[in-house]
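Below: the structure, in C-alpha cells.
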Amino acid sequence: MGETPRYIGLDLGGTNIKWSVVERSGPDGWHTLDRGQVKTDRAGEDAGIVGQLCALAAEVRDGISDGPVLTCGVAVPGLYVPETGVVTFLTNVPGDWSATPTGRPIEQATGLPTALINDARAFGLGELRFGAGKDVESFIGLTLGTGVGGVVALGNEVLQGYNGQAGELGHQTIEPDGPWCGCGNRGCMESFTRADQVAATCGTKSPREAVEKARAGDRRCIDGLAEIGRYLGIGISNAVTVLTPERVILGGGWSSAGEFLTVPIKAEMDRRVLIDSGDRTDVVIAELGTWAGAIGAAVHGAEQAARNGRIELAT
C-alpha cells in the first residue's frame, strides 16, 4: 500500500495566516497531522499577501516528507469567484481586493489544485468533518469575531450557494431600524453582536476582556454578554425555525464566553421557536478553536478537487 496523501489548508486573517496539513485514510476518516501560523504581511497589501500565501503554501508542501501532497485549500474572509479563484471583496485585510487573482497564483506556485472557500464556511466544514458537527446531519454555525460569520450544514455537507455566499446568518435583519451594519444594511444581527458592540455593551476594551471580567463576577459584563446572547438568540431562532438543524455551533474569538452566551441564546429560542420545539436543537461551543478555518480549507481543497475529477479521495 502506498503512502497516504496529504492536503494543505491556509486560513487568511487580518493578523495571522494559519495553515494545516490533513489526511484522509479510508474508513478512519480525516485526521490533522500538523498546523502552524505566521503573521500576515499587512504592509504588502493585496499583491504582497497573495505572494505570502504562495510562498507559505510552497513551504508547507516542501516540509511534508512522508506522503504525497495533492491539493491546497484557502479560506478567505470575504467573497470570491469559485471558478476563477479571484477574490472580489475582503474585510479586515489591507489592499484593493476588488478583483485579485488568488487561487491561480497559489496553484501555479505549488503545482497543486487550489480552491478558495469563505472562512466561515471553512470553519463549518472543519467542525463537520472533525469537530462539534461530526455526529449530526445538520447544524448552523456562527463565527464570533470582528463581525459575525455564518454557515449552514445540511445532509452532511456545507451549503455553499451562489459563489460560496450561502449561510451569511450574521446579515439577517433582526431590527428594521437598527444600527447600520458594515454590509450597508440596517439592523443586521452582526450590527448588534460584532466585537466592538460587545466591548461597548460590557464597558471593556475588547470581548476577551468582557469574558474575563464576566468569569470574575463583573455584573455589567455578565449582563452585557446576556444582552449580546439575546440578539444572537433572535437570529438563531429565525434560522432554527427555517432549517430545523440538530445543533447550533458557536466558534470564533470570543465564543469562549460559553454559558454566558449559550444560556441566553437558549432562553430566546424557547421564546421564539414555537412551530417546532427548540429543545431538540442544542447549542454548543466549537471544538477546533482557531484552527477550524485552516482545517476546513484543507478538506475543501481536497473535496473540490475530487468533485472536479482531479484527484481521488480514499473511501
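The values are calculated or read from the model by the stated rules, or taken from the named source; none is laboratory data. Just so it is clear, the structure is predicted and the values come from calculations on it, not from any experiment. As a convention, Cβ positions derive from the backbone with ideal geometry for all residues, glycine included, and neighbour counts pool all protein chains shown. Heads up: the accessible areas ignore ligands, DNA and RNA and are worked out on the full protein's heavy atoms, side chains in. Shrake-Rupley method; radii C 1.70, N 1.55, O 1.52, S 1.80 Å.
For the reader, a short list of remarks on this structure follows.
- Percent antiparallel among DSSP beta bridges (both partners in the chain, rounded to 5): 60
- Within the chain, the longest segment free of exposed loop sites, counting GluC sites (Glu not before Pro) that fall outside DSSP classes H, G, I, E and B and have at most 13 other Cβ atoms within 10 Å, spans 84-311.
- Using a Förster distance of 45 Å, the FRET efficiency for Arg272-Phe89 (Cβ separation, nearest 0.05): 0.90
- Relative contact order (%) - criterion: Cα under 8 Å, at least six apart; region: the chain: 22
- If you plug the beta carbon distance of Asp66 and Val38 into 1/(1 + (r/R0)^6) with R0 = 25 Å, you get a FRET efficiency near 0.65.
- Counting only DSSP beta bridges with both residues in the stretch 1-90, the antiparallel share comes to about 75 percent.
- Distance cut-off 18 Å, percentage of C-alpha pairs in the stretch 67-215 lying past it: 65
- Reachable aspartates and glutamates from Lys134, criterion Cα separation under 12 angstrom, eight or more residues apart if same chain: Glu157, Glu246, Glu287
- Extension gain (nm, one decimal) between Glu259 and Glu312, 0.36 nm per residue minus Cα-Cα: 14.9 nm
- Solvent-accessible area, 1.4 Å probe, carbon plus sulfur percent, for the stretch 224-315: 50
- For the chain, the solvent-accessible area works out to 43 Å² per residue, with a probe of 1.4 Å and every protein chain left in place.
- Listed candidates (i) 133; (ii) 165; (iii) 151 - label of the one calculated as volume of the Cα convex hull per residue in Å³: (i)
- Over 18 Å [Cα-Cα, the stretch 193-250], rounded percent: 39
- The length gained on full extension between Asn185 and Leu154, counted as 0.36 nm times the residue separation minus their Cα-Cα distance, comes to 8.4 nm.
- Projected label distance in nm at His31 and Val81, using a 7 Å step from Cα toward the beta-carbon: 4.1
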